[in-house]
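Read through the structure below, which is laid out as structure tokens, and then see the notes.
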Amino acid sequence: MDCLLELVLEKKDTNSKARAGYIDTDHGRIQTPIFMPVGTQGTVKAVTQKSLKEEVEAQIILGNTYHLYLRPGTEILEKAGGLHKFMNWDKPILTDSGGFQVYSLSELRKLTEEGVKFRSHLDGSEHFFTPEKVIGIERSIGSDIMMVLDECTPYPCEYDYAKNSKDMTTRWAVRNKEAFENSEPLYGHKQHLFGIVQGSVYKDLREQSARELVDIGFDGYAVGGLAVGEPAEMMYDTVDFTTDFLPEDKPRYLMGVGRPENILENIARGIDMFDCVMPTRNARNAYLFTSRGYLAMRNARHKEDFTTVDPECDCYLCKNFTKAYLRHLFIANEILALQLASLHNLRFYLNLVTKAREHIIAGTFTEWKNETVKIISKNVNSTQED
RNA sequence: GGGGAGGCGCCAAAGUUGGAGAGUUGGGGCGGACUGUAAAUCCGUUGGCUAAGCCUUAGGGGGUUCGAUUCCCUCCCUCCCCA
């Protein structure tokens, strides 16, 4: 089995657990820590592939097994030659398994030991997902990094439920791994498989889960089931605790996180990879992240503000347009607003992790992180009033 | 010039056989939320005040009535048809 993926460590921070490194895939190198834009349905909403590559400088993006299976379906994906060719994206792709939909579509699914039965949110039709079936779909998609099928538990989550769920996720992980080893990539490039640590906010369950998954052996390890409503400190504690049980030479991926400050805090706790819908979804809802804090672009106070959104940002929006213009586009419900804002937020996230990486390598990470978190987590206006 | 229809909140409409009205629906405005995307979505708010209450308010003015947004008179305005 020639599928092992390694995280090559370049530098470890001395004051924190932050790491800088890289991961090589057949579609190119990923420098870590990294943020991965979410492209659920084979598109990062409102951003072209050209822009993702040349302006955001995304190194890897996400796709979603559940959504791509429903539409366009594996037959089309296979005829297209896989998702890379279908969407004309030649850099790495990671696919989530549908485990998040177990959480987010909880009213439309039924869980059993064998798998999860979904009623399609599109047409109500029934579909049964098992670890084996999900691996098959991810082969059809051709993602560079495939995620195992897991159960993302909600918060709060009773201990007994969390334990049973974690145990099932571990049993599913075994089946995922077997299905992975018993199948082959379809398009000539290597595919890798990540396990997902569960256990809600219970440390003993997180430890068990991590140890069990490491025993099974994966190309990388994700921390799942967080950022589902628990306090940020609880998320940080859980991550901090969990990463101690994960191998140093494998990538660590915190699923679904998060706000810019969440990302920096979790880099400090030993995470290498992040994804989140927040930069794109919030962009479409007129909420912009900047190096000085966040901005609600629909607010009337920007009506006559002819300054740039973020003077420290090098994106197309910030180099060419004013807050007043962007606000006008949002108020007028113009599509360009969504495009410019999405581009900006993604560029901000990529710039943020790039800076984090530079500071880790320079040995100045912790100080920079602490200062940056204070600034970027505030509303820009209240920052100015300070 | 003649005939007809109609004017309610910031806007556009609904409704009211005379009694629930600061009150319906949509839009707009203002504010908030969003974390492995059922999301260009969702939520709150949107007359005033000395604020568990009170006041003002249905084109303007007047009248009938215990009671009028509703009925009558008059003036103003908008739209449609005819000349």
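The values are calculated or read from the model by the stated rules, or taken from the named source; none is laboratory data. Note that the structure is a prediction, hence the values are computed from the model and not measured. In this analysis, Cβ positions are derived from the backbone assuming ideal geometry, glycine residues included, and neighbour counts consider all displayed protein chains. When the accessible area is computed, the model is the full protein with side chains, heavy atoms only, and any ligands, DNA or RNA have been set aside. Shrake-Rupley method; radii C 1.70, N 1.55, O 1.52, S 1.80 Å.
Quick check, is A:Leu264 within 18 Å of A:Ser377 (Cβ to Cβ), of a type in the set (A, V, I, L, M), within 14 Å of RNA strand B (Cβ to nearest atom) and not in a loop (DSSP other than H, G, I, E, B)?
Values: within 18 Å of A:Ser377 (Cβ to Cβ): yes; of a type in the set (A, V, I, L, M): yes; within 14 Å of RNA strand B (Cβ to nearest atom): yes; not in a loop (DSSP other than H, G, I, E, B): yes.
For A:Leu264, the condition - within 18 Å of A:Ser377 (Cβ to Cβ), of a type in the set (A, V, I, L, M), within 14 Å of RNA strand B (Cβ to nearest atom) and not in a loop (DSSP other than H, G, I, E, B) - is met.
Of everything in segment A:40-54 that's open to solvent by 50 Å² or more (accessible area, probe 1.4 Å) and under 10 Å from A:Gln339 (Cα atoms), which residue is farthest from RNA strand B (Cβ to nearest atom)?
A:Thr48
State whether one or more residues within segment A:339-355 are among the basic types (Lys, Arg), away from RNA strand B (no atom under 15 Å from the Cβ), open to solvent by 10 Å² or more (accessible area, probe 1.4 Å) and over 17 Å from the mean Cα position of the chain (by Cα). Steps first, answer last, please.
As a first pass, look at segment A:339-355 and keep what is among the basic types (Lys, Arg): A:347, A:355.
Filter again for away from RNA strand B (no atom under 15 Å from the Cβ), leaving A:355.
Now restrict to residues that are open to solvent by 10 Å² or more (accessible area, probe 1.4 Å): A:355.
Within this subset, residues satisfying the condition of being over 17 Å from the mean Cα position of the chain (by Cα) are A:355.
Yes: one or more hits.
Criterion first (open to solvent by less than 10 Å² (accessible area, probe 1.4 Å), farther than 22 Å from A:Gly142 by Cβ and not in a helix (DSSP H, G or I)) does A:Gly256 satisfy it?
Details: open to solvent by less than 10 Å² (accessible area, probe 1.4 Å): no; farther than 22 Å from A:Gly142 by Cβ: yes; not in a helix (DSSP H, G or I): yes.
When the stated conditions are applied, A:Gly256 does not pass them.
Given the criterion β-branched (Val, Ile, Thr) and at pLDDT below 95, identify the matching residue among A:Thr32, A:Thr25, A:Thr14, A:Thr40.
Working: A:Thr32 fails: at pLDDT below 95; A:Thr25 fails: at pLDDT below 95; A:Thr40 fails: at pLDDT below 95.
Result: A:Thr14 is the single residue among A:Thr32, A:Thr25, A:Thr14, A:Thr40 that is β-branched (Val, Ile, Thr) and at pLDDT below 95.
For segment A:156-193, which residues satisfy the criterion of being outside any helix (DSSP H, G or I), open to solvent by 60 Å² or more (accessible area, probe 1.4 Å) and touching a helix residue (DSSP H, G or I) at 6+ places or on another chain (Cβ under 8 Å)? Reasoning before the result, please.
Taking segment A:156-193 as the starting set, the residues that turn out to be outside any helix (DSSP H, G or I) are A:156-158, A:182-193.
Retained after the next criterion (residues that are open to solvent by 60 Å² or more (accessible area, probe 1.4 Å)): A:156, A:158, A:182, A:184, A:186-188, A:190.
Listed by number, the residues that qualify are A:Glu184, A:Leu186, A:Tyr187.
Filter segment A:122-136 down to the residues that are surrounded by fewer than 22 Cβ atoms within 10 Å (Cβ to Cβ) and either under 22 Å from the mean Cα position of the chain (by Cα) or small (Gly, Ala, Ser) (or both) and list them by number. Quick ask: steps written out before the conclusion?
Applying the first criterion (surrounded by fewer than 22 Cβ atoms within 10 Å (Cβ to Cβ)) to segment A:122-136 yields A:122-128, A:130, A:132-133, A:136.
Listed by number, the residues that qualify are A:Gly124, A:Ser125, A:Gly136.
Could you check, for segment A:23-39, whether at least one of its residues is open to solvent by less than 40 Å² (accessible area, probe 1.4 Å) and farther than 19 Å from A:Asp272 by Cβ?
Of segment A:23-39, the ones open to solvent by less than 40 Å² (accessible area, probe 1.4 Å) are A:23, A:25, A:28, A:30, A:32-39.
Now restrict to residues that are farther than 19 Å from A:Asp272 by Cβ: A:39.
Checked against the condition, which is being open to solvent by less than 40 Å² (accessible area, probe 1.4 Å) and farther than 19 Å from A:Asp272 by Cβ, segment A:23-39 yields at least one hit.
Condition (residue is more than 8 Å from RNA strand B (Cβ to nearest atom), of a type in the set (A, V, I, L, M) and in contact with a His (Cβ under 7 Å, 6 or more places away or on another chain)) applied to segment A:312-323: is it met by at least one residue? Steps first, answer last, please.
The first filter runs over segment A:312-323 and keeps only residues more than 8 Å from RNA strand B (Cβ to nearest atom), leaving A:312-323.
Within this subset, residues satisfying the condition of being of a type in the set (A, V, I, L, M) are A:317.
Narrowing the set further to residues that are in contact with a His (Cβ under 7 Å, 6 or more places away or on another chain) leaves A:317.
Yes: segment A:312-323 contains one or more residues that are more than 8 Å from RNA strand B (Cβ to nearest atom), of a type in the set (A, V, I, L, M) and in contact with a His (Cβ under 7 Å, 6 or more places away or on another chain).
Restricting attention to segment A:232-251, does a residue exist that is under 18 Å from A:Gly98 (Cβ atoms) and either open to solvent by less than 60 Å² (accessible area, probe 1.4 Å) or not in a loop (DSSP other than H, G, I, E, B) (or both)?
First pass over segment A:232-251, keeping only residues under 18 Å from A:Gly98 (Cβ atoms): none.
Checked against the condition, which is being under 18 Å from A:Gly98 (Cβ atoms) and either open to solvent by less than 60 Å² (accessible area, probe 1.4 Å) or not in a loop (DSSP other than H, G, I, E, B) (or both), segment A:232-251 yields no hits at all.
Inspect all residues belonging to segment A:246-261 and state whether any of them is within 23 Å of A:Gln208 (Cα to Cα) and in contact with a Pro (Cβ under 6 Å, 6 or more places away or on another chain). Walk me through how you get there before you give the answer.
To start, the set of residues in segment A:246-261 that are within 23 Å of A:Gln208 (Cα to Cα) comprises A:246-257.
Then drop every residue that is not in contact with a Pro (Cβ under 6 Å, 6 or more places away or on another chain), which leaves none.
No, segment A:246-261 contains no residue that is within 23 Å of A:Gln208 (Cα to Cα) and in contact with a Pro (Cβ under 6 Å, 6 or more places away or on another chain).
What are the residues in segment A:284-330 that are among the charged types (D, E, K, R), in a loop (DSSP other than H, G, I, E, B) and open to solvent by 10 Å² or more (accessible area, probe 1.4 Å), if any?
First, pick out the residues of segment A:284-330 that are among the charged types (D, E, K, R): A:284, A:292, A:298, A:301, A:303-305, A:310, A:312, A:314, A:319, A:323, A:327.
Of the ones still in play, those that are also in a loop (DSSP other than H, G, I, E, B) are A:292, A:298, A:303-305, A:310, A:312, A:314.
Correct list: A:Arg292, A:Arg298, A:Lys303, A:Glu304, A:Asp305, A:Glu312, A:Asp314.
Does segment A:57-65 contain at least one residue that is among the acidic types (Asp, Glu) and assigned to a helix (DSSP H, G or I)? Steps first, please.
Just the residues of segment A:57-65 that are among the acidic types (Asp, Glu), to begin with: A:57.
Next, from what is left, pick out any that are assigned to a helix (DSSP H, G or I): none.
Within segment A:57-65 (the criterion being among the acidic types (Asp, Glu) and assigned to a helix (DSSP H, G or I)), the answer is no, since none of the residues qualifies.
So which pairs qualify, if the first residue must be in segment A:97-109 and on the phi < 0 side of the Ramachandran plot and free of Cβ contacts under 8 Å to residues at least 40 places away in the same chain, the second must be open to solvent by 10 Å² or more (accessible area, probe 1.4 Å) and within 6 Å of RNA strand B (Cβ to nearest atom), the Cβ gap must be under 7 Å, and the two must be at least 6 apart or on different chains?
Cβ pairs passing all conditions: A:Leu105/A:His121; A:Leu108/A:His121.
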